[in-house]
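For reference, the structure discussed in these notes is given below.
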Amino acid sequence: MKLLLLGANGQVGWQLRRSLATLGDVVVATRDTDICGDLSQPRRVQEAIRALAPDVVVNAAAYTAVDRAEEEPELAFAINGKAVEAIADATAQIGSWLVHYSSDYVYRGDGTEPWVETDVCEPLGIYGKSKLAGDIGAVRNPRHLVFRTSWVFDTWGGNFVKSILKAATQRDELKVVCDQWGAPTRAALIADVTAVALREVVRTREDASRAGIYHLAPSGDTHWNEYARFAISEAMQRGAPLRATPDKVHAIPAAEYAAKAPRPANSRLDTSRLRRTFGIALPTWQEGVRAVVAELTQPPLWDAALKERK
Ligand code: NDP
């Protein structure tokens, strides 16, 4: 099987390099590779897809700057919407599968019940609207798998776990939001589930009966404050020299955290469809955080994480 991976330097893309390698030959594309993986040039990406004729295109590239998107909506829609539509059309023409990733931000974010894939999408901000445009674009190819996930983190890339551990080395007290709920999803889990699902749909050469939009998140839920305290506690147990202890992570409402873009208060995702369709078990969010903190607190990675910009 030949796979084209777009966005291979992102959190999820980096993990997909590993997990997709179990399926066949992975051609890696980023903004800088000879094979055009720059989603701001959708025609060139389409040409690359036609020239390579892969069995699967996995698109992990995205415009993910949630706050900045409020100021540059055209760019967010170009990368997250129009380019995805172009990739869907090109893959549909050659009969290949498209894997694409979407977000909890497509939902309104009210209530307390987990969202199901058939719920009405009413994004609050530009990023969510652009991701929804991508979902609509992706399904133009009948052979699609769209995974809506939430709160992505891992050892590679910029994310909340790294930011909070870094902040805990610099300050004695922290304030973290306690009224936004969801599940921190390890990029490695997303990549592994992608490979399992792809193996099912491509290897069995089935029709597109299992194509669709799926929620992909670990089991359990939490809010950012509990998530921060858990990561700090795990890091301290591993001897990380932190100043802010879990009891010094103060709970604040989102209204007090002046973010430019509105964020959903309820990002809980019901994953029944994914588990049922592909027979997948999903670990708890704590298992993912524990594993990543264990990696991050190893000396060379710890030093590097503290130096990272975000
Ligand atoms: P990252 O921000 O870690 O990675 C995004 C990648 O997209 C980067 O490698 C970036 O390239 C690349 N990219 C940005 N613009 C372009 C462009 N014009 N052309 C080509 N590549 C581009 O994202 P994640 O891995 O965290 O996210 C993966 C998917 O999951 C995305 O679809 C995202 O919307 C979705 N998601 C993410 C969440 C999160 O918390 N991060 C939550 C829910 C969903 P470069 O490295 O060169 O900057």
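Every number here is computed from the coordinates shown, using simple stated rules; none is lab data. Treat the numbers as computed from the prediction; the structure is a model and nothing was measured. Positions of Cβ are generated from backbone atoms using ideal geometry, with glycine treated the same way; all protein chains shown enter the neighbour counts.
In whole percents, the pair-distance distribution calculated for the range 167-310 from its alpha-carbon pairs, binned every 5 Å from zero, is 2, 9, 15, 17, 17, 15, 11, 7, 5, 2, 1, 0. Centre-to-centre separation between the Cα atoms of the range 190-243 and those of the range 45-77: 21 Å. Taking 0.36 nm per residue of sequence separation and removing the Cα-Cα distance, the Asp119/Asp172 pair yields an extension gain of 14.9 nm. For Ala304 and Ser219, a Förster radius of 35 Å and the Cβ-Cβ distance give a FRET efficiency of 0.70, rounded to the nearest 0.05. Taken along the Cα-to-beta-carbon direction at a fixed 7 Å, the label points for Arg17 and Ile94 span 2.2 nm. Start at zero, step by 20 Å, and the Cα-Cα distances of the chain spread as 33, 58, 8 percent across the bins. Spin-label model, Arg140/Thr33: points 7 Å from Cα along the beta carbon direction are separated by 2.3 nm. Dipole magnitude for the chain: computed about the Cα centre from +1 point charges on Lys and Arg Cβ and -1 point charges on Asp and Glu Cβ, it is near 520 debye. Candidate cross-link partners of Lys2 among the aspartates and glutamates, defined by an alpha-carbon separation under 16 Å and a same-chain spacing of 8 or more, comprise Asp25, Asp55, Glu200. Computed over the range 1-118, the quotient of the alpha carbon radius of gyration and 2.2 N^0.38 Å is 1.11. For the pair Glu226 and Ala255 in one chain, pulling the backbone fully straight at 0.36 nm per residue adds 8.7 nm over the alpha carbon distance. For an R0 of 22 angstrom, estimate the FRET efficiency from the Cβ-Cβ distance between Asp207 and Lys2 and round to the nearest 0.05. Plugging the Cβ-Cβ distance into 1/(1 + (r/R0)^6) gives 0.60.
The helix-only estimate of mean residue ellipticity at 222 nm for the chain, built from DSSP H runs of length n ≥ 4 each weighted as -39500 (n - 2.57), is -11000 deg cm²/dmol after division by the residue total.
Using 0.36 nm per residue and subtracting the Cα-Cα separation, the extra length available between Ala240 and Glu200 on full extension is 10.3 nm.
Entry note: the range 256-310 has Rg to Rh equal to 1.13, where both radii use alpha-carbon atoms and Rh is the Kirkwood radius. Rg over Rh for the range 114-156 works out to 1.00, both radii taken from alpha-carbon positions and Rh defined as the Kirkwood radius. Across the range 67-199 the C-alpha pair distances fall into 10 Å bins from zero in the proportions 11, 33, 38, 15, 4, 0 percent. Calculate log10 I(q)/I(0) of the range 64-124 for q = 0.12, 0.17, 0.20 Å⁻¹, where I(q) comes from the Debye formula with a single equal point scatterer on each Cα and nothing for solvent. Once normalised to I(0) and log-transformed, intensities are -0.42, -0.77, -0.94. Treating r as the C-beta distance of Arg50 and Asp179 and R0 as 41 Å, the FRET efficiency rounds to 0.30. Principal axis extents of the Cα atoms in the range 1-57, from largest to smallest and rounded to whole angstrom, are 29, 23, 14.
Evaluated with a Cβ-only charge set (Lys, Arg +1; Asp, Glu -1), the range 169-281 carries a dipole of roughly 300 debye about its Cα centre, given to the nearest 20. Cross-link pairs exceeding 24 Å between alpha carbons, from the set Lys162/Lys248; Lys82/Lys129; Lys129/Lys175; Lys175/Lys260; Lys129/Lys260; Lys166/Lys248: Lys129/Lys175.
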